[in-house]
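**Student:** Structure provided below as structure tokens; questions to follow.
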Amino acid sequence: MAKNPKIIYICQNCGYQTPKWLGKCPDCNQWDSIVEELFHDPGKTGLLQLTMSAPQEISSIEFNPDSKIKTGLDEFDRAIGGGIVPGSLLLLGGEPGIGKSTLILQVAGKLSLQNLNTIYLSGEESAQQIKLRAQRLSINSENIFIVTGTRIEELFERIRDIKTDLLVVDSIQTTYTDTLPSAPGSVGQIREVSGKILRWAKEKGIPTILIGHITKEGSIAGPKILEHLVDTVLYFEGDASHTFRIIRAIKNRYGSTNEIGVFEMNETGLAQVGNPSRIFLEERPENASGSIVIPCLEGTRPLLLEIQALVCPSPFGMPRRTAIGVDHNRISLLVAVIAKRMGIEMGDQDIFVNVAGGLKVDEPAADLGIVAAMISSFLNRPVDPEMIVFGEVGLAGEVRGVIQPETRIKEAEKMGFKKCILSKSNFEGCRAPHNIKMYSINSVLDLMDILF
Ligand code: TYD
Ligand code: MG
């Protein structure tokens with residue numbers, strides 16, 4: 001006699017399991033994220049069944065770095081650490097409509113030029129829709145195979161006889177496996193399907209890209225286990241109101257994280273942006289107060305960004321602090337430092353700080369730029385447009401050095417900047433001659449004389 005199926009409750013946010021329903025997940029504190037699912041014995045489902053290898057000496061293990069497949073889409077290759085590693089599992093997350101499917105179709109298009117086959121499983125769009133997109137991207141190749149459907153077992157069956165160099169699953173939330181009765185997109189299904197794909201990919205040595213939707217909070221929908229399972233996690237970001245898109249590795253077993261690739265979305269797909277500083281500075285206002293350029297580092301890549309601040313008297317005696325692209329708390333801290341150490345009191349002012357272009361900056365190197373932008377706006381005095389500043393600001397008002405000053409200065413030089421304010425330690429640390437006039441400072445107090 002068949003046993004009654006056992007029901008368990010799983011948090012759709014973090015994968016926490018409980019025998020009883022709860023309104024709030026005790027593990028990740030998410031409300032209303034726990035749903036009913038049929039219990040499935042993990043021992044029987046595959047994830048744990050990878051056959052264990054015999055112990056081997058690390059020196060005897062061979063790995064050839066040249067085995068990475070360069071797609072030829074340089075910005076993509078850069079983000080994933082040089083190329084696609086055979087047998088690796090890559091997860092690409094991003095908001096709907098950001099261009100995930102477009103990007104991966106372009107990757108497939110590039111691979112087809114090297115005579116490499118891509119199998120593209122779409123659970124969301126019809127073959128005609130994908131064809132339409134391919135036409136827009138001018139991709140027409142015998143090396144790209146479109147499979148539409150959602151049952152993962154069927155996929156393996158269908159593509160058994162086709163030479164596969166890359167498998168794409170668009171999206172992981174729409175696919176499901178027979179072995180679980182729960183609906184596609186549930187934690188159980190995502191975990192199970194990914195496990196199956198992982199085993200298949202590792203066994204056959206075929207690299208696989210999983211496309212994943214992200215939740216309102218911005219993380220990849222489904223349990224964290226998905227991020228643990230895959231080798232590389234990429235996020236495709238961008239602002240709906242801007243055309244540029246950034247691909248960012250937040251986990252990479254085969255390369256460094258924080259590398260970014262920059263694209264611009266236009267009528268014929270995603271165009272690579274080899275010189276991102278240009279687009280972020282393109283529409284800079286001339287001679288406006290509260291605007292300054294800072295050199296940031298994204299991974300190993302320098303990027304010039306414009307910090308804008310607007311400081312004006314608060315009409316309601318309840319001053320507002322609004323930060324877009326920079327940490328809100330950092331602004332409050334810097335306002336306090338400016339008041340205490342420089343004697344410039346902005347406590348009764350509304351303060352808005354924005355990183356132009358919709359980018360996020362979380363480097364302390366931006367501190368000095370934020371300070372300069374706020375003071376410039378407060379005093380309503382523009383900063384020299386050929387000036388860049390960078391440095392971390394401490395609570396005592398001291399300006400501290402940041403990593404890789406050379407790289408930052410070189411980028412500024414390349415973009416035609418003529419002056420640079422930096423910390424004394426960074427100034428002493430860089431030896432190469434530059435065509436840029438350097439001002440080294442110890443404290444934010446020294447800033448005023450140089451800026452205005
Ligand atoms: P898509 O790749 O379908 O996004 P995702 O898979 O992340 O949901 O991209 C959809 C958007 O991209 C859509 O709003 C139209 C735009 N787009 C272009 O601007 N140019 C193009 O050449 C293509 C193919 C899409
Ligand atoms: Mg899509």
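The values are calculated or read from the model by the stated rules, or taken from the named source; none is laboratory data. Predicted model, so just to flag it, every value in this text is computed and none were measured. So basically every Cβ, Gly included, is an ideal-geometry build from the backbone, and we count neighbours across all protein chains shown.
**Student:** So A288 clears everything in (1) surrounded by fewer than 22 Cβ atoms within 10 Å (Cβ to Cβ); (2) assigned to a strand (DSSP E or B); (3) modelled with pLDDT of 90 or more except one condition, right? Which one?
**Tutor:** The one condition A288 does not meet is (2).
**Student:** Restricting attention to helices (runs of 4 or more DSSP H) lying wholly within region 345-452, give those where 1 or more residues are hydroxyl-bearing (S, T, Y).
**Tutor:** Per the criteria, 367-379, 405-414, 424-429.
**Student:** Between residues in region 375-390 that are without any contact (Cβ under 8 Å) to a residue 40 or more places away in the chain and residues that are buried (at least 20 other Cβ atoms within 10 Å of the Cβ) and in a loop (DSSP other than H, G, I, E, B), which pairs lie under 7 Å by C-beta distance while being six or more apart or on different chains?
**Tutor:** Every condition considered, the pairs that remain are E386/F417.
**Student:** Considering region 185-208 alone, what residues qualify as being touching a helix residue (DSSP H, G or I) at 6+ places or on another chain (Cβ under 8 Å) and either on the phi > 0 side of the Ramachandran plot or part of a loop (DSSP other than H, G, I, E, B) (or both)?
**Tutor:** I206, P207
**Student:** P315 fails exactly one of the following numbered conditions: (1) surrounded by fewer than 22 Cβ atoms within 10 Å (Cβ to Cβ); (2) in contact with a Pro (Cβ under 8 Å, 6 or more places away or on another chain). What is the number of that condition?
**Tutor:** The one condition P315 does not meet is (2).
**Student:** Looking at D178 and the list (1) more than 23 Å from R191 (Cβ to Cβ); (2) charged (D, E, K, R); (3) more than 14 Å from ligand 2 (Cβ to nearest atom); (4) part of a loop (DSSP other than H, G, I, E, B), which single condition is not satisfied?
**Tutor:** Evaluating D178 over (1) more than 23 Å from R191 (Cβ to Cβ); (2) charged (D, E, K, R); (3) more than 14 Å from ligand 2 (Cβ to nearest atom); (4) part of a loop (DSSP other than H, G, I, E, B) leaves (1) as the failure.
**Student:** Search region 396-417 for residues that are in contact (Cβ under 8 Å) with a residue 60 or more places away in the chain and under 8 Å from P302 (Cβ atoms) and pair each with any residue that is among the aliphatic types (A, V, I, L, M) and part of a helix (DSSP H, G or I) when their beta-carbon atoms are under 9 Å apart and the residues are at least 6 apart or on different chains.
**Tutor:** Going by the 9 Å Cβ cut-off, the qualifying pairs are R408/A365.
**Student:** Can you find even one residue in region 129-152 that is buried (at least 23 other Cβ atoms within 10 Å of the Cβ) and in a helix (DSSP H, G or I)?
**Tutor:** yes
**Student:** Before we move on, is Q114 within 13 Å of ligand 2 (Cβ to nearest atom), loosely packed, with under 15 Cβ neighbours inside 10 Å and assigned by TED's automatic domain parsing to the domain that holds Q173?
**Tutor:** no
One line per residue, one yes/no per condition, for (1) within 17 Å of L422 (Cα to Cα); (2) among the polar types (S, T, N, Q); (3) modelled with pLDDT of 95 or more:
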{"residue": "R341", "(1), (2), (3)": "no, no, no"}
{"residue": "V353", "(1), (2), (3)": "no, no, yes"}
{"residue": "D362", "(1), (2), (3)": "no, no, no"}
{"residue": "S376", "(1), (2), (3)": "no, yes, yes"}
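**Student:** Identify, please: which residue in region 241-272 is under 13 Å from F76 (Cα atoms) and within 16 Å of ligand 2 (Cβ to nearest atom) and is, among those, surrounded by the fewest Cβ atoms within 10 Å (Cβ to Cβ)?
**Tutor:** Selected residue: R245.
**Student:** I want to confirm something. Restricting to region 157-211 and keeping residues that are surrounded by fewer than 22 Cβ atoms within 10 Å (Cβ to Cβ) and without any contact (Cβ under 8 Å) to a residue 24 or more places away in the chain, which single residue is farthest from G15 (Cα to Cα)?
**Tutor:** Per the stated criteria, the residue is D161.
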